[in-house]
Amino acid sequence: MPLNIFKLAVLVSGRGSNLQAIIDSIERKELNVRLSIVISSTKDAPALKRAEKHGIETVFIDPATYPNKKAYDKALIDKLEEIPIDLICLAGYMRILGEEFIQTFSGKIINIHPSLLPAFPGLNAQKQAVEYGVKFSGCTVHFVDEGIDSGPIILQTAVPVYDYDKEGSLSQRILEQEHHLYPKAIKLIVENKLSLNGRTVAHKKS
């Protein structure tokens, strides 16, 4: 593998279906990257098993062994700087990253969120959408800043909300779109097809 290959890290806490979508895209050669490491904040996250199955290095960093959030984030920083990493993808990562982490990897952290941001940030976005009565929701890939789901938007996909929808049914349809959107956004970054100007993420013409 070339020395200059684009190196990816994925932070997880749960089942890892978006992680799997990234792995599948790499194995189909749609993404020219090396998934160097998967780091989990929970010991038994199914995402770790997914990564191990594909021969990817996995690490569980236990929040309970650190005195505070800042110390935990420093452990994350140290681990990622060992590699080093070109892009960090949050995939169901259930911890809020601190200022030091975000500044250390400024412009190199992205997340996928199950709503059309800026609508319904934070937890239970699909439930919020159903309860609010919107006719469309969807998913958003965005750069991560110090706010909650507030960073510049890279890509979005809209998903209709039907009258009969519950949180579960809407979540499933959004998740299907997430699996397409996240690798697509990563590919744009890997191929240097994005430029960031303030809050605006422009797509460079080929």
> Can you name the number of the only condition in (1) out of contact with any helix residue (DSSP H, G or I) (no Cβ under 6 Å at 6 or more places or on another chain); (2) open to solvent by 50 Å² or more (accessible area, probe 1.4 Å) that residue 181 fails?
Replying inline: (2)
>> Of the conditions (1) surrounded by fewer than 16 Cβ atoms within 10 Å (Cβ to Cβ); (2) farther than 23 Å from residue 140 by Cβ; (3) of a type in the set (A, V, I, L, M, F, W, C), residue 96 satisfies every one except a single condition; which number is it?
In response: (2)
> Which ones in segment 1-52 are closer than 20 Å to residue 81 by Cβ, in contact (Cβ under 8 Å) with a residue 60 or more places away in the chain and of a type outside the set (Gly, Ala, Ser)?
Replying inline: 6, 7, 8, 10, 11, 12, 33
>> residue 55 - would you say it is touching a residue at least 12 places away in the same chain (Cβ under 8 Å) and among the small types (Gly, Ala, Ser)?
In response: no
> Here are some residues: 86, 73, 78. Which one is open to solvent by 40 Å² or more (accessible area, probe 1.4 Å), charged (D, E, K, R), more than 22 Å from residue 184 (Cα to Cα) and modelled with pLDDT of 95 or more?
Replying inline: 78
> Can you name the residue in segment 112-146 that is among the hydroxyl-bearing types (Ser, Thr, Tyr) and farther than 16 Å from residue 93 by Cβ and, of all such residues, is most open to solvent (accessible area, probe 1.4 Å)?
Replying inline: 132
>> Every residue in segment 34-45 that is surrounded by 13 or more Cβ atoms within 10 Å (Cβ to Cβ) and closer than 20 Å to residue 96 by Cα, please.
In response: 37, 38, 39, 40, 41, 42, 45
> Could we say that residue 56 is aliphatic (A, V, I, L, M), open to solvent by 30 Å² or more (accessible area, probe 1.4 Å) and in a loop (DSSP other than H, G, I, E, B) here?
Replying inline: no
> Of the residues that make up segment 15-34, is at least one of a type in the set (Val, Ile, Thr), part of a strand (DSSP E or B) and out of contact with any Asp or Glu (no Cβ under 9 Å at 6 or more places or on another chain)?
Replying inline: no
> Which ones in segment 154-189 are within 20 Å of residue 118 (Cα to Cα), in contact (Cβ under 8 Å) with a residue 40 or more places away in the chain and β-branched (Val, Ile, Thr)?
Replying inline: 154, 174
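The values are calculated or read from the model by the stated rules, or taken from the named source; none is laboratory data. It should be emphasised that the depicted structure is a prediction, and the values quoted were computed from it without experimental measurement. Neighbour counts are summed over all protein chains in view; Cβ atoms, including those assigned to glycine, are modelled from backbone coordinates with ideal geometry. Heads up: the accessible areas ignore ligands, DNA and RNA and are worked out on the full protein's heavy atoms, side chains in. Shrake-Rupley method; radii C 1.70, N 1.55, O 1.52, S 1.80 Å.
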